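Asks: One structure, pasted below without further comment.
The values are calculated or read from the model by the stated rules, or taken from the named source; none is laboratory data. The shown structure was predicted, so the numbers you read here are calculated from the model rather than taken from an experiment. Every residue, glycine among them, receives a Cβ derived from its backbone with ideal geometry; neighbour counts consider all protein chains shown. These accessible areas exclude ligands, DNA and RNA; they are computed on the full protein's heavy atoms, side chains included. Shrake-Rupley method; radii C 1.70, N 1.55, O 1.52, S 1.80 Å.
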Amino acid sequence: MRFIAFLFVNIIFSSLVSAQPGWNWPDNKSSAEEKNVLYTDYLKEGNCEAALEPHTWLLDSVPNLHVSLYQNGIKIYQCLIKNEKDKVKRGQLIEKALEMFDLRIKYFKREAYVINRKAFYAYQYYKSNKDQFSFLYELFNRAYELNDDKISNNNIVSFMDLMRRYKASFPDNISDDEILEKYTLITDVISRKISTENMNISIHNDDEKLKYEKNLERLKKYQSLVDELLTNTVTVDCDFIFNK
């Protein structure tokens, strides 16, 4: 009885939410509201296994319901991946998690923003999986192509590290010239981010000054790490410097 009352209250709350822009409820609205309440409540409790069934129902029945369906889907699968010990099942969960990004783009656009996030997410799970290096490399290239200097800070050092791993595992798949080209791309992005920090500086108190100094120091550290990774990826000798 207590659960039914709790569910009723949450459905009323969900109805209020549904009046807000961005929600696309189907004809069987009550069923969708109930599933939405169930999976979000289970997710809040950390019961990801229980959240999966109502969440999957929504994905199948009303995939354009709301962008939160895919934002929360990532959280559900992150939780499941963390707790899964079986290698095969874990791999399947990672694939489902990455699918959340693709479906979000399909139904809610914003490809540049979503690919930016997907690249780092995929890197975290696939950086030690040689079979996925080619996929990751293309994904990072797409993220940089779409975002330029709006690429997330997470995707700066990680892209260079991926190229180091890719080159070490498949030296014929990526040339030194290509690595240098991407290194230059990354360095240019860092430079423009630093320029943006300097242009937008508006220090009115000690907290703002500290934030500015931290951001600047972080970007400079990224550059040092990218430089170091380059020397660990290609042989940087006198001939290389002279020719490149």
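Asks: Do you know which of the residues in segment 148-157 that are in contact (Cβ under 8 Å) with a residue 40 or more places away in the chain and open to solvent by 20 Å² or more (accessible area, probe 1.4 Å) is nearest to residue 88 (Cα to Cα)?
Replies: Ranking the candidates gives 157 first.
Asks: Would you check which residues across segment 90-147 are of a type in the set (Ser, Thr, Tyr) and open to solvent by 50 Å² or more (accessible area, probe 1.4 Å) and list them?
Replies: 107, 113, 125, 128, 134, listed by residue number.
Asks: Could you please find all residues in segment 71-85 being open to solvent by 70 Å² or more (accessible area, probe 1.4 Å) and among the charged types (D, E, K, R)?
Replies: Listed by number, the residues that qualify are 75, 82, 85.
Asks: Please determine whether any residue of segment 83-100 is touching a residue at least 24 places away in the same chain (Cβ under 8 Å) and touching a Gly at 6+ places or on another chain (Cβ under 8 Å).
Replies: yes
Asks: Turning to a different aspect of this structure: Would you tally the residues in segment 66-99 being over 27 Å from residue 26 (Cβ atoms) and not in a helix (DSSP H, G or I)?
Replies: Total satisfying the criteria: 3.
Asks: Suppose we filter segment 169-181 for residues that are closer than 17 Å to residue 227 by Cα and either touching a Phe, Trp or Tyr at 6+ places or on another chain (Cβ under 7 Å) or open to solvent by 40 Å² or more (accessible area, probe 1.4 Å) (or both); how many remain?
Replies: The total comes to 4.
Asks: Which condition number in (1) part of a loop (DSSP other than H, G, I, E, B); (2) at pLDDT 95 or above is the one that residue 161 fails?
Replies: (1)
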